Amino acid sequence: MNNKELIEELSGRVGYTYEDTFRLLASLTDAVSAQLQEGRSLDIEGFGAFEVKKEPEHVAVNPLTKQRFLVPPKLVLNFRPSFVWEEKLKRMSGEHDE
């Protein structure tokens with residue numbers, strides 16, 4: 001699903017115009033981005049948690065040349081699904097196993 005399809009789906013569900021839904025989704029993503037850029041986590045009940053983690057610098061090895069090099073520290077966006085979503089995913093995967 002792309003952004004346009006998502007906006008169309010949401011506008012149909014809530015009864016807003018496409019333009020209003022577009023602005024609402026843009027506001028939501030701006031708020032989420034601002035929260036994460038400030039280094040704070042964001043928990044959405046029933047969905048999951050977003051957080052920015054700092055990955056420390058470490059030494060890596062090029063598998064072809066065996067040359068070692070230093071990988072600098074970096075920030076990584078992490079998502080942890082809620083317990084509700086984990087249970088839904090388990091049930092969905094169980095349906096396909098049969």
In whole percent, how big is the carbon plus sulfur part of the accessible area of the chain, probe 1.4 Å, protein atoms only? 56
1/(1 + (r/R0)^6) with r = Cβ-Cβ of residue 38 and residue 67, R0 = 41 Å, i.e. FRET efficiency to nearest 0.05, evaluates to 0.60
What nm value, rounded to one decimal, do you get for the distance between residue 51 and residue 9 when each label is placed 7 Å out toward the C-beta? 2.8
Gain upon complete extension [residue 60, residue 82; 0.36 nm per residue less C-alpha separation]: 4.6 nm
Can you work out the accessible area per residue across the chain, with the rest of the protein chains kept in place, probe 1.4 Å, in square angstrom? 84
Of all chymotrypsin sites (Phe, Trp or Tyr not before Pro) in region 4-50, the ones in DSSP coil with at most 15 other Cβ atoms within 10 Å are 16, 47
Could you calculate the FRET efficiency of residue 91 with residue 30 from 1/(1 + (r/R0)^6), where r is the beta carbon distance between them and R0 is 41 Å, rounded to 0.05? 0.75
What GluC sites (Glu not before Pro) in region 1-97 are in a loop by DSSP, with at most 15 other Cβ atoms within 10 Å of the Cβ? 38, 45, 57
Classified through the alpha carbon gyration tensor (a ≥ b ≥ c as square roots of its eigenvalues; rounded if a/c is under 1.5, else prolate when a/b is larger than b/c, else oblate), region 40-98 comes out oblate
Evaluate Rg over Rh across region 1-51, taking Cα atoms for both radii and Kirkwood's formula for Rh. 1.05
For region 1-79, run through the trypsin sites (Lys or Arg not before Pro) and keep only the ones in DSSP coil with at most 13 other Cβ atoms within 10 Å of their Cβ. 40, 66
What lysines does residue 4 reach when the alpha-carbon gap must be under 28 Å and sequence neighbours fewer than 8 apart in one chain are set aside? 88
With the contact rule set at Cα under 8 Å and sequence spacing of 6 or more, what percent relative contact order holds for the chain? 19
Could you tally the net charge around residue 46, taking each other residue with its Cβ under 15 Å from the Cβ of residue 46, Lys/Arg +1 and Asp/Glu -1? -2
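The values are calculated or read from the model by the stated rules, or taken from the named source; none is laboratory data. All values reported here derive from a predicted model rather than from experimental measurement. Glycine also receives a Cβ, built like all others from the backbone with ideal geometry; neighbour counts cover every protein chain displayed. Note: accessible area is taken over every heavy atom of the protein model, side chains too, but ligands, DNA and RNA are not part of it. Shrake-Rupley method; radii C 1.70, N 1.55, O 1.52, S 1.80 Å.
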